[in-house]
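See below for the structure under consideration.
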Amino acid sequence: MVKAIIFDMESVLLDRKLSLEHFLDAQYEYYRTYFTEVQKQDFINYFITYDKEGAVPVKRVYQAVIDELGITYIETRELMQDYTVNFPKFASETDAMKETVTRLQNRGYKIGVIATGEYEHERYIIDVLGIENYITHTIITEENTIGKTQLIEMCRALDTRPQDTLFVTGDEIVDAVGTGIRLINTKEMKIHTMIELLNILDEETIT
């Protein structure tokens with residue numbers, strides 16, 4: 001029986017595409033004088049395309065955008081610094097995220113969140129999303145993807161057995177094989193809103 005649920009923050013709780021659209025719109029306006037002959041929507045679209053939903057390091061994404069659009073008056077370093085400081089301000093939640101997490105908490109589930117990235121950056125995103133009070137434990141790792149080490153560490157922190165734990169992710173390359181943890185991949189299962197998780201938890205195959 002599922003007693004704890006671990007969420008992959010970047011691919012499940014955070015609407016990365018929407019957050020990026022808002023941030024990049026603001027970044028373009030702030031640095032508009034440097035983006036001569038570059039359309040705002042091109043700047044946004046190229047970044048989101050190269051970003052591959054967070055799979056590519058941001059520094060590489062900016063460099064690719066600069067090269068593709070022929071931006072010559074500003075360096076990757078400055079845009080990267082702006083991203084590090086200001087992107088979390090634009091963090092947006094996925095559809096029905098907070099409602100779902102609240103209802104899971106009310107049902108008595110222990111809730112863990114694993115985030116990948118620089119500690120202060122990820123902590124800031126969690127604060128902006130306003131989910132701290134719903135989380136039993138948080139792990140922030142600088143690894144590019146979540147793996148067995150973080151999942152087992154989270155089970156220990158939540159004081160739950162792996163076989164009683166569900167991991168919800170949208171990352172197609174997460175490695176949970178051999179942990180005993182049950183995996184739900186929102187992309188593979190075509191889950192469009194987090195509220196659908198409540199129905200999945202009610203199914204006998206999960207509980």
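Using heavy atoms of the protein chains and a probe of 1.4 Å, the accessible area assigned to Ser92 is about 20 Å².
What angle do you read, to the nearest 10 degrees and between 0 and 90, between the alpha-carbon axis of helix 148-158 and the longest principal axis of the chain? For 148-158 against the chain, the angle is about 60 degrees. Against the chain, whose longest principal axis is taken from its Cα atoms, helix 16-30 shows a tilt of about 20°. Seen against the Cα atoms of the chain and their longest principal axis, helix 76-86 is set at about 50 degrees.
Taking 10 °C and 1.306 mPa s as conditions, region 62-169 diffuses translationally at an estimated 99 µm²/s according to Stokes-Einstein applied to its Kirkwood radius (Cα pairs).
Summing charges over neighbours of Val38, with a neighbour being any other residue whose Cβ is under 13 Å away from its Cβ, gives -3 when K and R count +1 and D and E count -1.
Kirkwood radius for the chain, taken over all pairs of different Cα atoms as the inverse mean of 1/r, rounds to 18.0 Å. Modelled this way, with points 7 Å down the Cα-to-C-beta line, the labels at Leu69 and Thr102 are 3.7 nm from one another.
Accessible surface area normalised per residue over region 3-144 is 52 Å², counting heavy atoms of protein chains with a 1.4 Å rolling probe.
The values are calculated or read from the model by the stated rules, or taken from the named source; none is laboratory data. Because the structure is a prediction, the values reported are computed rather than measured. Here Cβ is always computed from backbone atoms with ideal geometry, including for glycine, and neighbour counts include all displayed protein chains. The area values use the complete protein model at the heavy-atom level, side chains included, leaving out ligands, DNA and RNA. Shrake-Rupley method; radii C 1.70, N 1.55, O 1.52, S 1.80 Å.
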